[in-house]
Amino acid sequence: MAISNLQKARAAYQPKLPKALQGPVKAVEGAATQSVGNQAEIKELFPNTYGMPVITFEAGEPVELPPFNVGIILSGGQAPGGHNVISGLFDGVKSLNPANKLYGFILGPGGLVDHNYMEITADIMDKYRNTGGFDIIGSGRTKLEEVDQFEKGIQILRELNIKALVIIGGDDSNTNACVLAEYYAAKKYGVQVIGCPKTIDGDLKNEQIETSFGFDTACKTYSELIGNIQRDCNSARKYWHFIKVMGRSASHIALECALQCQPNICLISEEVEAKAMSLDDVVTYIANAVAKRAEEGNNFGTVVIPEGIIEFIPAIKKLIAELNDVLALPEAQSINSGNEQIEFVKRHLSKENLNVFKSLPSDVAAQLALDRDPHGNVQVSLIETEKLLSRMVADKLAIWKHQDKYVGKFGTQHHFFGYEGRCAAPSNYDADYCYSLGYNASRLIANGKTGYMSIIKNTTAPAAEWIAGGVPITMMMNLEKRNGKMKPVIRKALVELDGAPFKYFAAHRDEWAKETAYVYPGPIQYWGPTEVCDQPTKTLLLEKAK
């Protein structure tokens, strides 16, 4: 494989580890835990992995362990730092016993089921240290839900003498890890399952997980691009740029990019829902800001939009919920054409939701009624929300102009930043954080744990002061409706409107809307002063009052 000069230089970077992981460890157990919701139901579904304590690692005495092998799976969408989780796990496993081996399953969970794997050797691992992407073994979205999948998996795990399986993924992938851990524990198969928290959307976090890996790098990548656009915007002074960013279920990315770049407008889906705003309310909010800037002669600006905002508008959210139920009906499964499916949902929608459906632009209505992702969700990234909103703002401004309420010009440009951030070379923060997560997973395995997620806390402090340990995955679970059925899933973390990051944003957004107060963060820096190169996200700093 060809290697860039940056990659050659980054290969020499040695990620930092928490002090507790720099030698032998002992596991300190906390109190018994319970799930965040539906305690009785989750306990019944996971009798072998429910109620386990939170684990914290401290310095301990050396322990000799017999050789063992470990498997690793990359699951779901890519996120910067995945290769460092693997390199941390590789180094951690080898430090326990040089004879230990690490096997990677190719293209996600499907590789486990199909027995498609490779051994990750030192020569292979060294080519991928501190690099972005998941290309060392690839990723996939196969869901591990069926008994025959679990049984096919155990066949290859036994053949390779694999003691533990580490699944790197988001909330759905770690839910699958928990289900697999429970099944193998119930069958007494002797295979441990450990999860690692990954998602650039930032919605896999809670009291135990400060941030999901990749969020830091992705937000810094998007913020560089938004800053570039803002510089261009402030140079040409003739366009409003509508910028959609990743974040289907939560607006963490949009909020972090706003904190870094100070755009004129940033929509937060959770606030739209809390205020019960309609689509017209959202459009009016943007149009008012455009009109006020026009009064000052500023016919330009930037609008940051989370990709999932359409699902948070209460009337549309209610419509989507019924659409999901309608499309889960048995008779819907045999429909072959898009037009036929649209007519089918129209016949089965309630009167209230049908009226909302008919009020939407035809292309948006069609998208809501058509394809779902593997989890049964609307594929909101396919809805060009940035164009929908700018089109509706233009229509409203045209009416206001006719009424002498608006005197400006409204030219637009549109952008969607998604794939640009998913495989970026990890920031120093993510390189260190991910390496620690992987190394820490090896210690959870050595201590016989299963059904745990690897966690690293206190990450706003220097890396030596980070706290390593594990949290039972069942602790984060509740029941939610998926594909028409109630399923155990990890609860997503939404933007908290009473949290410090949103409060800071809300206190400054009126000023940013009126003034041209843009910040241009520039590219990720790997070498230089720590205040430039090693800072976590502004979200995390505000949450920890730093």
Once amide hydrogens are built 1.01 Å from N within the peptide plane, the residues lying 5 or more places from Trp240 or on another chain with amide H under 5 Å from its amide H are Gly301, Gly411, Thr412, Gln413
Taking alpha-carbon centroids only, the range 192-255 lies from the range 81-138 a number of Å equal to 26
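What number comes out for the charge environment of Ser350, summing +1 per Lys or Arg and -1 per Asp or Glu over other residues with Cβ under 12 Å away?
On the way: positive: Lys318, Lys346, Arg347, Lys351; negative: Glu322, Asp325, Glu352.
Neighbourhood net charge equals +1.
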Simple spin-label estimate for Lys275/Gln39, 7 Å along Cα→Cβ, in nm, reads 3.7
Amide H neighbours of Gly469 at under 5 Å, excluding residues fewer than 5 places away on the same chain, with H built from the backbone geometry, are Phe57, Ile455
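Using a 1.4 angstrom probe with every protein chain in place, what is the largest-first accessible-area order of Arg347, Arg509, Arg237?
Accessible-area ranking of Arg347, Arg509, Arg237, largest first: Arg347, Arg237, Arg509.
Using only helices, what value at 222 nm comes out for the chain when you add -39,500 (n - 2.57) per DSSP H run of length 4 or more and divide by the total residues, to the nearest 500 deg cm²/dmol? Kindly include the intermediate steps, with their values, before the conclusion.
Working: 22 runs with 235 residues, N = 546.
Taken over the chain, the calculation gives -13000 deg cm²/dmol.
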Phi angles of the range 187-202, converted by Karplus (6.51 cos²θ - 1.76 cosθ + 1.60, θ = phi - 60°) into ³J(HN,Hα) in whole Hz with x for Gly and Pro, give 7, 6, 7, x, 10, 8, 10, 10, x, 10, x, 10, 4, 5, 5, x
Residues whose built amide H sits under 5 Å from the amide H of Met52, excluding neighbours closer than 5 in sequence, are Thr33
Computed for the chain: size of charge dipole around the Cα centre, +1 on C-beta of each Lys and Arg, -1 on C-beta of each Asp and Glu, debye to nearest 20, value 360
Among the range 396-412, those whose backbone N falls under 14 Å of a label point 7 Å along Cα→Cβ from Thr284 are 396-397, 400
For the range 58-69, Karplus-derived ³J(HN,Hα) couplings (6.51, -1.76, 1.60; θ = phi - 60°; whole Hz; x for glycine and proline) come out as 10, 4, x, 9, x, 10, 7, 10, x, x, 8, 10
A correct Karplus calculation of ³J(HN,Hα) over the range 252-266, with 6.51 cos²θ - 1.76 cosθ + 1.60, θ = phi - 60°, whole Hz and x for Gly and Pro, returns 4, 5, 4, 5, 4, 5, 5, 5, 7, 10, 6, x, 5, 9, 9
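The values are calculated or read from the model by the stated rules, or taken from the named source; none is laboratory data. Given the structure is predicted, the values throughout are model-derived calculations rather than measurements. Quick reminder, even Gly has a Cβ in these numbers, built from the backbone with ideal geometry, and neighbours come from all protein chains shown. Side chains included, ligands, DNA and RNA excluded: accessible areas come from the protein's heavy atoms. Shrake-Rupley method; radii C 1.70, N 1.55, O 1.52, S 1.80 Å.
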